[in-house]
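The structure appears right after this line, and notes come after that.
The values are calculated or read from the model by the stated rules, or taken from the named source; none is laboratory data. Note that the structure is a prediction, hence the values are computed from the model and not measured. Every residue, glycine as well, gets a Cβ built from its backbone with ideal geometry; the counts of neighbours run over all protein chains shown.
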Amino acid sequence: MRTLILKSASSYLIPVLLIFSVFILLRGHYLPGGGFVGGLVAAIAFVLDAFSNGLEKTKTILKIHPGFLMPLGLLVAFLSGISPMVFSDLPFMTGIWAENPIPVIGAIGSALFFDLGVYLVVIGAALTIIFTISESA
Amino acid sequence: MLEAVLLGFLFSLFLVFAGSYFRGRLAVLSSLIPLSLFIYFSTFISEIADGKVIYENHEWIPSFGVNLSFTLDGLALLFALMITGVGTLVFVYTSAYLKDHKYLDRFYGYLSLFMAAMLGLVLSDNLMTMFIFWELTSISSFYLIGFNNDKEDSRKSALIALGVTGIGGLMLLGGAVLLGDVAGTYRISEMLSSREAIADSSHYVLILFFIFSAAFTKSAQFPFHFWLPGAMKAPTPVSTYLHSATMVKAGVYLLFRMSPVLNGAEIWHTVLIVVGGVTMIYSAIHIIFRTDLKGILAYSTISALGILVFLIGIGTQAALIAAAVFIVVHALYKASLFLITGIIDHETGTRDVTQLAGLRKVLLPVAIAGFIAALISGGVPPTLGFVGKDLIYESTLHFKDNAILLTIIALSTNVLLFYAGFVAGVKPFIGKLPKKFEKVHLPSPLMWVPPLIMTCAGLVFGLFPGLIETAIAKPIAMTQALQFEDFHLKLWHGFNTILALSATTLILGTVLYFVLKPKHSLENTIAKLDVIAPKTLLLNLSEGFAVFSKYWTNIFQTGYLRHYLFIIVSFLILLLGYLIFSDFSLKIDTSSLADLTIYEISILIMLLLGVLYTVFTKSRLAAVASLGVVGLSFSLLFLFYSAPDLAMTQFSVDTLTVILFVLVLYRLPKYLNLSDSRLRIKHGILSVSFGVLITLLILKVLGETKNTEVTEFYAENAYKLAKGKNIVNVILVDFRGIDTMIEISVLIVAALGVFGLLKLRLKTKDKK
């Protein structure tokens with residue numbers, strides 16, 4: 001499925017999709033979006049790349065196997081969960097927030113990091129499944 | 001007490017690392033473990049005799065009421081002393097019996113594991129911990145029976161024993177849960193106060209069923225007795241320790257322990273008397289047909305266990321005391337006889353009673369022990385056996401119903417047990433010594449002293465029954481919560497019916513011993529009846545079960561994905577359909593429905609076209625693509641009904657699904673053979689009915705009055721508590737964050753599963 005049209009279009013589309021996925025991730029707390037959808041969009045971006053440029057090329061872009069994103073994401077989510085226990089002596093998974101919002105990103109809190117963990121896990125799991133299947137097909 | 005229970009576990013753990021030191025000369029040192037425990041428990045004798053009960057509690061899982069609580073009362077003390085006392089002698093004996101065995105340390109490890117578990121069992125006051133120790137005894141016994149694991153027989157017997165006692169363990173758990181539910185506590189000492197509530201509860205019969213099944217399987221009662229003769233494949237020390245003196249008495253112990261809690265109704269007594277009575281006479285008769293010394297002892301053990309169950313069933317004060325004394329009597333003589341059999345087997349290489357004779361000339365101390373053991377077992381005065389037998393007759397004679405019948409059964413059993421004791425303890429030693437045994441020599445004292453000690457104890461206790469009375473009989477009577485009348489154990493009761501019965505037993509037993517000779521022909525005769533023996537029936541049942549489950553599994557596990565789906569969906573339809581139509585009322589408020597817009601109609605048409613195309617197309621890829629159309633139309637629908645989150649997710653998931661399908665399918669050829677129209681109609685009906693059912697379900701849910709409390713809570717608190725305006729996301733990452741955490745873990749497991757399965761397949765493909 002390597003057509004010139006797809007190839008040229010994808011080279012513009014992929015960065016946009018990736019930025020869009022981060023955008024969805026960040027806006028999740030106030031507007032439709034969140035880590036799960038964001039992760040799926042990012043995964044779609046990489047799959048599109050794999051379609052147009054070949055799986056091997058995508059793998060070199062990624063540098064590491066996407067499978068490693070899964071434990072990383074779980075770790076981020078877990079750390080965000082225990083952060084209230086460490087910083088404020090609150091029970092596990094209580095949301096804590098920084099007092100001043102940061103420009104562009106907005107309010108920073110443990111929930112955002114939790115969502116980031118979900119985001120990473122979803123990318124990792126989706127890409128692992130798709131890459132493995134396409135390699136074995 | 002916790003330390004006492006743990007000691008055995010720690011020792012077996014220690015042997016894992018330091019076992020090699022205990023294989024040679026030092027092996028005998030391991031008997032210090034049971035010996036020290038024996039001394040430890042002996043120090044409690046005077047306290048317990050004074051009527052004190054010692055409690056100890058260690059919290060374990062307090063929220064479930066499961067704690068390591070131990071009680072030391074008369075009953076527990078009797079068993080603890082028996083376990084550690086017989087244990088000491090068996091440990092000593094083993095060091096010579098299995099001298100220089102390759103796995104002697106392993107054997108000691110299993111033995112002390114068993115000892116610790118058994119101690120825990122009899123000391124536990126909490127039914128749940130008792131269950132755990134109960135299972136541990138089954139498991140350690142499995143390893144001990146199968147100790148000669150290079151023999152198929154041993155392995156099979158071990159498995160049968162584990163199977164039977166394992167089912168019993170499961171039953172005990174059931175009984176414990178029910179009892180705990182009815183009484184509100186797992187502590188046996190606290191259950192006593194809710195005795196009436198338990199007897200009146202609707203679960204009473206079920207509780208009895210569970211407790212009885214546990215006790216009968218463990219204590220080898222008819223028809224579960226068959227595992228015990230098989231378990232005799234184990235080395236003799238195991239038969240002595242587990243299968244005559246301690247483990248098989250765990251069931252008796254359970255009945256003894258639960259008797260004050262559960263004996264409120266007639267059914268308790270009836271069942272125990274019938275089962276115990278049948279067991280004792282059935283296996284006593286079996287003794288006649290055996291020529292293997294161990295076989296004779298195995299059946300006489302089952303018979304003795306039957307007597308114990310029978311006595312507990314009678315349940316009067318006399319009967320319970322008779323049972324307590326008989327436990328001691330039986331442990332002393334049966335353990336000695338087993339050890340003696342072990343010595344004979346060890347030295348002559350055979351256990352066939354028809355070949356053995358005249359061994360007194362070469363094994364004199366063993367012969368003395370055997371003779372005394374036979375006297376105790378036969379109930380000849382002045383041994384403790386005589387005291388025990390008197391008590392049994394006293395309790396059957398004074399029972400309210402069928403006293404005559406019960407006495408006759410007890411009498412015949414005792415006559416046969418007399419015979420068994422003499423065949424095992426006397427017959428091998430008298431008569432002319434065959435030539436082939438002339439070179440037999442006396443083994444090390446480590447082997448023949450233990451049976452001598454036990455038999456002498458039986459003699460001493462018989463001469464001074466007061467010892468047993470104060471230390472054991474009275475404290476046990478107290479645990480049974482009886483308003484007990486004072487009693488005294490005596491050798492001489494004067495001339496009365498009981499003495500006449502005892503004398504009859506002795507005379508008939510002696511006659512039987514001289515008239516009946518063990519013969520192989522008898523053994524072969526009974527073997528013909530094996531077809532209808534409970535063992536064969538149960539084994540056939542289990543085999544039949546295996547065949548059936550194979551057949552059953554093959555029906556469902558065809559390996560075709562479409563069959564699995566078909567079965568899953570059909571069951572769902574049946575269940576859901578029953579649920580919906582059993583209480584069906586559909587309320588659709590047509591007045592409040594909004595008008596259809598042009599968008600909705602066009603999406604509906606798109607959906608329908610997509611579905612129809614998917615079903616009728618002849619190309620895989622087209623089917624996948626049109627399935628994608630269906631999914632995307634749905635996400636549009638979500639968007640119209642103001643669920644943008646859902647729409648987004650549906651959109652992305654659908655995209656990825658189509659990609660996945662394409663990746664898998666696009667290399668495959670076109671459909672080679674389409675399913676025939678009959679199959680398609682079948683699948684079509686299934687799909688349509690499933691869809692209709694789900695639609696009905698949703699309509700029904702919409703018709704229910706809504707509970708908006710939860711929605712309101714989230715709407716109100718999402719921003720206040722979690723600083724988020726998107727409720728869906730706030731629920732995901734904050735309110736129900738732990739759920740999300742678990743969900744992403746599941747996602748990871750799924751991905752790893754796909755990865756592992758496919759990569760593994762790739763590797764094996766590469767090899768070719």
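The helices (runs of 4 or more DSSP H) found wholly in region B:1-89 and carrying at least 2 residues that are touching a residue at least 60 places away in the same chain (Cβ under 8 Å) and in contact with a Gly (Cβ under 6 Å, 6 or more places away or on another chain) occupy B:2-18.
Residue-level analysis places residue B:527 outside the set of residues that are surrounded by 12 or more Cβ atoms within 10 Å (Cβ to Cβ), within 16 Å of residue B:286 (Cβ to Cβ) and modelled with pLDDT under 85.
Note on region B:304-417: enclosed helices (runs of 4 or more DSSP H) holding 1 or more residues that are touching a residue at least 12 places away in the same chain (Cβ under 8 Å) and touching a Cys at 6+ places or on another chain (Cβ under 8 Å) are B:364-378.
Tell me the helices (runs of 4 or more DSSP H) entirely within region B:138-208 that contain at least 1 residues that are under 27 Å from residue B:230 (Cα atoms), modelled with pLDDT under 90 and of a type in the set (S, T, N, Q).
Details: elements: B:152-183, B:188-191, B:195-200.
Per the criteria, B:152-183.
Of the candidates B:649, B:617, the single residue that is of a type in the set (Ser, Thr, Tyr) and within 14 Å of chain A (Cβ to nearest Cβ) is B:649. In this structure, residue A:75 qualifies as more than 23 Å from residue B:758 (Cα to Cα), surrounded by fewer than 22 Cβ atoms within 10 Å (Cβ to Cβ) and under 17 Å from the mean Cα position of the chain (by Cα). Quick check on this structure: which one of B:710, B:692 is away from chain A (no Cβ under 14 Å), within 48 Å of the chain's Cα centre (by Cα), modelled with pLDDT under 85 and in a helix (DSSP H, G or I)? Result: B:710 is the single residue among B:710, B:692 that is away from chain A (no Cβ under 14 Å), within 48 Å of the chain's Cα centre (by Cα), modelled with pLDDT under 85 and in a helix (DSSP H, G or I). Taking every residue in region B:249-270 that is in contact (Cβ under 8 Å) with a residue 40 or more places away in the chain and pairing it with any residue that is surrounded by fewer than 19 Cβ atoms within 10 Å (Cβ to Cβ) and of a type in the set (Val, Ile, Thr), at least 6 positions away or on another chain, the pairs with Cβ-Cβ distances below 9 Å are B:265/B:205; B:267/B:205. Picking from residues in region A:1-32 that are of a type in the set (Gly, Ala, Ser) and under 30 Å from residue B:725 (Cα atoms), the one that is farthest from the other protein chains (Cβ to nearest Cβ) is A:21.
Within region A:33-45, the presence of a residue that is more than 28 Å from residue B:654 (Cβ to Cβ) and within 9 Å of chain B (Cβ to nearest Cβ) is excluded.
Listed conditions (1) surrounded by 10 or more Cβ atoms within 10 Å (Cβ to Cβ); (2) without any contact (Cβ under 8 Å) to a residue 40 or more places away in the chain; (3) not in a helix (DSSP H, G or I) are all met by residue B:596, apart from (1).
When each of B:48, B:61, B:83, B:33 is tested for being surrounded by 23 or more Cβ atoms within 10 Å (Cβ to Cβ) and closer than 29 Å to residue B:173 by Cα, the lone residue that passes is B:83.
Of the residues screened, residue B:466 is not one that is closer than 30 Å to residue B:81 by Cα, buried (at least 17 other Cβ atoms within 10 Å of the Cβ), not aliphatic (A, V, I, L, M) and not assigned by TED's automatic domain parsing to the domain that holds residue B:237. The C-beta contact set for region A:105-134 (first residue more than 7 Å from chain B (Cβ to nearest Cβ), second residue among the basic types (Lys, Arg), distance under 8 angstrom, 6+ apart or interchain) comprises A:131/A:59.
The set of residues in region B:718-759 that are more than 10 Å from every other protein chain (Cβ to nearest Cβ) and surrounded by 15 or more Cβ atoms within 10 Å (Cβ to Cβ) comprises B:727, B:731.
Out of region B:334-362, which residues are closer than 16 Å to residue B:93 by Cα and buried (at least 24 other Cβ atoms within 10 Å of the Cβ)?
Selection gives B:334, B:335, B:336, B:337, B:338, B:339, B:340, B:341, B:342, B:343, B:344.
Take the conditions (1) surrounded by fewer than 16 Cβ atoms within 10 Å (Cβ to Cβ); (2) more than 30 Å from residue B:235 (Cβ to Cβ); residue B:174 misses just one of them, which is (1). Note on region A:56-68: residues that are facing chain B (nearest Cβ under 10 Å) and in a helix (DSSP H, G or I) total 2. Restricting attention to region B:209-226, the residues being among the aromatic types (Phe, Trp, Tyr), part of a helix (DSSP H, G or I) and either surrounded by fewer than 23 Cβ atoms within 10 Å (Cβ to Cβ) or touching a strand residue (DSSP E or B) at 6+ places or on another chain (Cβ under 6 Å) (or both) number 2. A single member of A:108, A:96, A:129 is within 21 Å of the chain's Cα centre (by Cα) and at pLDDT below 80, and it is A:108. Residue count for region A:4-35 under the criterion of being surrounded by fewer than 16 Cβ atoms within 10 Å (Cβ to Cβ) and either not hydrophobic (A, V, I, L, M, F, W, C) or not in a helix (DSSP H, G or I) (or both): the result is 6. Considering only residues of region A:77-89 that are within 15 Å of residue B:738 (Cα to Cα) and among the hydrophobic types (A, V, I, L, M, F, W, C), which is farthest from the other protein chains (Cβ to nearest Cβ)? Here the answer is A:85.
May I ask you to list the residues in region B:474-505 that are touching a Pro at 6+ places or on another chain (Cβ under 9 Å) and at pLDDT 80 or above? Result: B:502, single match. Just wondering, is there one or more residues in region B:443-454 that are part of a helix (DSSP H, G or I) and over 17 Å from residue B:336 (Cβ atoms)? Checked region B:443-454: no residue is part of a helix (DSSP H, G or I) and over 17 Å from residue B:336 (Cβ atoms). Going through (1) modelled with pLDDT under 90; (2) more than 14 Å from chain A (Cβ to nearest Cβ); (3) under 55 Å from the mean Cα position of the chain (by Cα) one by one, residue B:685 falls short only on (1).
Taking the stated definitions as given, is residue A:50 over 24 Å from residue B:728 (Cβ atoms), more than 7 Å from chain B (Cβ to nearest Cβ), among the small types (Gly, Ala, Ser) and surrounded by 14 or more Cβ atoms within 10 Å (Cβ to Cβ)? So residue A:50 passes the test. Just one of the numbered conditions (1) surrounded by 15 or more Cβ atoms within 10 Å (Cβ to Cβ); (2) over 19 Å from residue B:91 (Cα atoms) is not true of residue B:2: (1).
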